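Each value in this text was obtained by applying a stated rule to the coordinates, not by laboratory testing. Please read these numbers as outputs of a predicted model, since none were measured by experiment. Using ideal geometry, Cβ is built from the backbone for each residue, glycine included, and neighbour counts are taken over all protein chains shown.
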Amino acid sequence: MNPRRFVARLAFWLLIVAIAVFSIFPFYYAILSSFRSGSALFSPALLPDRVDFANYVSVFVEQPFGRNILNSIGVAVTVVGFSLFLGLTAAYALGRVRFKGRGVLLFTILGVSMFPQVAVLSGMFELIRALGIYNSMPGLILANLILTLPFTVWVLTTFMRELPKELEEAAYVDGASPWTVVTRIFLPLMWPAMVTTGLLAFIAAWNEFLFALTFTLSAEQRTVPVAIALLSGASQFELPWGNIMAASVIVTVPVVVLVLVFQRRIVAGLTAGAVKG
Amino acid sequence: MQAANATELTRARVRSAWMFLLPMIVVLALVAGWPLVRTIYFAFTDANLSDIGSYSFIGFANFLEYYEGEWFGLLVDTDWWRAVWNTLWFTVISVSIETVLGLVVALTLNAHFPGRGVLRAAILIPWAIPTIVSAKMWGWMLHDQFGILNDILLSLGLIAKPVAWTASPDTAMWAVIMVDVWKTTPFMALLILAALQILPSDCYEAAKVDGIHPVRVFFRVTLPLIRPALMVAIIFRALDALRIFDLIYVLTSNSRDTMSMSVYARQQLVDFQEVGYGSAAATALFLIIAVLIALTLTFGKVRLGEDVR
């Protein structure tokens, strides 16, 4: 190997290492810190030197963190269910049938997925108050639909379009109703796309912060992101960093595992939502 | 006879299509359309959060009002313009850095080397971590007394004394940009990678045979070919950056040095209970983004036409 080639190889591998360290280190350091309590937390050592579960215990004892996790799961699962059902039926109409106003409708949906959450904040606040669901899970479910629904419709429509045209023709000739066509022909074929879209919608709802911060009042009603952001310790001047890191690790590990397991699907979903859009 | 049957079938399908769309449209109108209309309406009232039901119409007073020899309202509020400037600065800088780094990561992942799958999995981690968690994680790493970043930089001799990254006016915005770059470069890289992987290989072989330098190939062949996908990714990221709230709110709270338009609007709305004034700010942000989306769609179509030629 000539020297120039060697230098190029070396630089390439250094770049790979740099990308990997840059991506992984912050999460690694959060895990490391979560196992250190008391004065050990302030140790700058970069290698694990102890495994202390004190932070993990106190985050559940000092806060209603278990309840917060259940809230987050409840809101995210319900929102994903609604979004997938409404998204699938809408995607069938938008992806398989030609009709006037389809383009306008698709652009409106894309527009809604891009507009700022804060633009609906006061209107949504009034609506949630009027419906009597302020400081409760139904309020958050309603608000979260604005994040997940447009995007679910959009991604499912792009997947729906790619299925071959002959699929439903035969069924229609046999006199099947559109509902039968959607549930019997498209639903089984759309499962992979539904899993992808559902995962992305779940992550979006799981991470949502602005609505959860604004539409809840008591610590018991908070979702996980709000609970972590507002986590406070014994004194108001010193943040309980150990607890915050433990809580962060608890809520992040499942999502990271999910993402790594469904890597290929998620990448396909992300690029379907953007590149083809 | 058959033609008549076909049109009848088409009509029936269009009718059922609208039936299928109806639930989605109703829900979207309820959770997006109605609240948006109400927010814009509130922008012209003096509504207050403590009693949102009683308000009166005050015209454009939330935006601009002349009262006893002085101008009042959003358009003469220096804090608002500061927030506009912060948001634009943040968007331009962070999206630029993310584009360059995203290209570097995507080109790396497009090469063949052992462990490519592992690296692709690794870059997904920042994307998967909730924004609030990444803000807290970095807040801890950037801590002025115990932060690991200060510790590393001190031991390398790059800084003489610890830096208060998130509190000091000189570095707070850069701290926000750094965390955002960390969090969203993977998204950028994956979109660019998807575009790179569908490029035709024949022109690269031709370039290789002709002995053209790889850097030249990148600027002359790769970049023009992935430009449409790159533009879509940049536009998506920019529109997303303009509405930033979570990261800034958690990392630097309501500091004037980093306050974005969304943070400003929410502070007025919730913390100061000024629903009317806060809605005016939210409406202004909505208009800015709506105009940008309209421009994008218009110019996007024009460029699409060029590409066909």
Need one number for the stretch A:138-185: average projected area of the convex hull over its C-alpha atoms, nm². 4.4 nm²
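Which order results if B:H112, B:H143, B:H213 are arranged by neighbouring Cβ count within 10 Å, fewest first? Display every interim value, and only then the final one.
Numbers: B:H112 5, B:H143 20, B:H213 10.
Fewest-to-most Cβ neighbours within 10 Å comes out as B:H112, B:H213, B:H143.
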Using the reciprocal of the averaged 1/r over all distinct C-alpha pairs, how large is the Kirkwood radius of the stretch A:167-265 in Å? 17.2 Å
If you average the C-alpha positions of the stretch A:100-146 and of the stretch A:32-67 separately, how far apart do those two centres end up, in angstrom? 38 Å
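So for B:Y67, B:Y249, A:Y172, fewest C-beta neighbours within 10 Å to most, what's the order? Don't jump to the answer; show the numbers that get you there.
Values: B:Y67 9, B:Y249 24, A:Y172 15.
Result, fewest neighbours first: B:Y67, A:Y172, B:Y249.
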Where the eigenvalues come from the Cα gyration tensor of the stretch A:12-105, what are the semi-axes √(5λ) of the equivalent ellipsoid, largest first, in whole Å? 45, 25, 8
Principal axis box of the protein assembly as shown, alpha-carbon based, largest edge first, Å: 88, 78, 54
Using every Cα-Cα pair within the stretch B:2-71, state what percent have a distance larger than 17 Å. 67 percent
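Treat the stretch A:13-68 as a sphere of radius equal to its Kirkwood radius over Cα pairs and apply Stokes-Einstein at 4 °C in a medium of 1.567 mPa s; give the translational diffusion coefficient in µm²/s, rounded to a whole number.
Details: Rh = 13.1 Å.
Once the numbers are plugged in, D ends up at 99 µm²/s.
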Report, by chain and number, residues whose modeled amide H sits under 5 Å from the one on B:T45, excluding near sequence neighbours (fewer than 5 apart, same chain). B:I58
Starting from the Cα gyration tensor of the stretch A:156-210, multiply each eigenvalue by 5, take the square root, and state the resulting semi-axes largest first in whole Å. 30, 11, 8
Please enumerate, by chain and number, the aspartates and glutamates with C-alpha under 18 Å from the C-alpha of A:K100, excluding those fewer than 8 residues away in the same chain. B:E8
What number does the stretch B:97-151 give for Rg over Rh if you use C-alpha atoms and the Kirkwood radius? 1.10
Test of understanding: in a Gaussian network model of chain A with alpha carbons linked when under 10 Å, which of A:T180, A:T197, A:T148 would top the mean-square fluctuation ranking? A:T180
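Expressed in whole Å with the largest first, what are the equivalent ellipsoid semi-axes of the stretch B:96-200 derived from the C-alpha gyration tensor as the square root of 5 times each eigenvalue?
Working: eigenvalues 192, 41, 33 Å².
Working through the eigenvalues yields semi-axes of 31, 14, 13 Å.
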Let me see the pair-distance distribution of the stretch B:194-239: every alpha carbon pair, 5 Å bin width, integer percents in order. 5, 20, 26, 21, 13, 8, 5, 2, 0
Summing Lys, Arg as +1 and Asp, Glu as -1, what charge do residues with Cβ under 13 Å from the Cβ of B:Y55 carry, B:Y55 excluded? -3
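Considering just Cα atoms, how many Å³ per residue does the convex hull of the stretch B:224-288 enclose? Intermediate values should be presented prior to the final figure.
Numbers: hull volume 6.2 nm³, N = 65.
Here the figure is 95 Å³ per residue.
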Take the Cα atoms of chain B, find their three principal axes, and give me the spread along each one in whole Å, biggest first. 88, 77, 35
Ordered by fewest other Cβ atoms within 10 Å, a rough proxy for footprinting exposure, A:L200, A:L131 read A:L131, A:L200
P(r) of chain A over all Cα-Cα pairs, binned every 10 Å from zero, in whole percent: 6, 22, 25, 22, 15, 8, 2, 0
Just to confirm my numbers, what's the Cα centroid distance between the stretch A:168-224 and the stretch B:86-112 in Å? 31 Å
Most mobile listed residue (A:A247, A:A170, A:A90) in chain A, GNM with C-alpha springs under 10 Å: A:A170
Most fluctuating residue given options A:V79, A:V181, A:V259, as computed from a GNM of chain A linking Cα atoms under 10 Å: A:V181
